[in-house]
Amino acid sequence: MLTGFKNFIMKGNVVDLAVAVVMGAAFGAVVTSIVEGLLTPLIGRLFNAKGIEDMAWEGFKYGSVISSVISFVLIAAAVYFVVVLPMNHMIERRNRKLGIDADVKEESAEDPQIALLTEIRDALTGTR
């Protein structure tokens, strides 16, 4: 039982996911600091408020929602441009170097179970 757990934990995907969660939390803190320390006061001054969080209309604090949306968009953009885009370029470059065409690879890799079920269906209907 412990061996199975050890094998599960030591798989590359689990380790990669753990690293990604830790890095995401740290990166989120950096972006939150930038938003709260720089962007929030700047936008607040445009609207004569101390910061975005102080912006309200008849008791509705819409400023904190705007601040959260800005944080989300900045984190999503940074993850895309810093992680996803370079990774896609690396995979594409590796595939070109190995002579692998992604479209052909996906089409040619048919599941053997699907092929067997297709043969059985064709045999039953007599459409061979």
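Rule-based calculations on the coordinates, nothing more; no lab input. Values in this document were obtained by computation on a predicted structure and should not be read as measured data. Cβ sites come from the backbone with ideal geometry, for glycine too, and all protein chains shown count toward neighbours.
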Next item on the list: Kindly list, by first and then second residue, each pair from a residue in region 50-76 that is among the hydroxyl-bearing types (Ser, Thr, Tyr) to a residue that is loosely packed, with under 14 Cβ neighbours inside 10 Å, limited to pairs with Cβ atoms under 8 Å and residues at least 6 apart or on different chains.
Entry: 62/56
Item checked: One residue from 49, 78 being surrounded by 13 or more Cβ atoms within 10 Å (Cβ to Cβ) and either outside any helix (DSSP H, G or I) or on the phi > 0 side of the Ramachandran plot (or both) -> 49
Check: List, please: which pairs have Cβ atoms under 8 Å, are six or more places apart or on different chains, and start with a residue in region 4-27 that is closer than 28 Å to residue 75 by Cα and end with one that is of a type in the set (Gly, Ala, Ser) and in a helix (DSSP H, G or I)?
Finding: 27/78
Notebook entry, point to check: What is the residue count in region 1-46 for residues that are surrounded by fewer than 13 Cβ atoms within 10 Å (Cβ to Cβ) and not hydrophobic (A, V, I, L, M, F, W, C)?
Noted result: 11
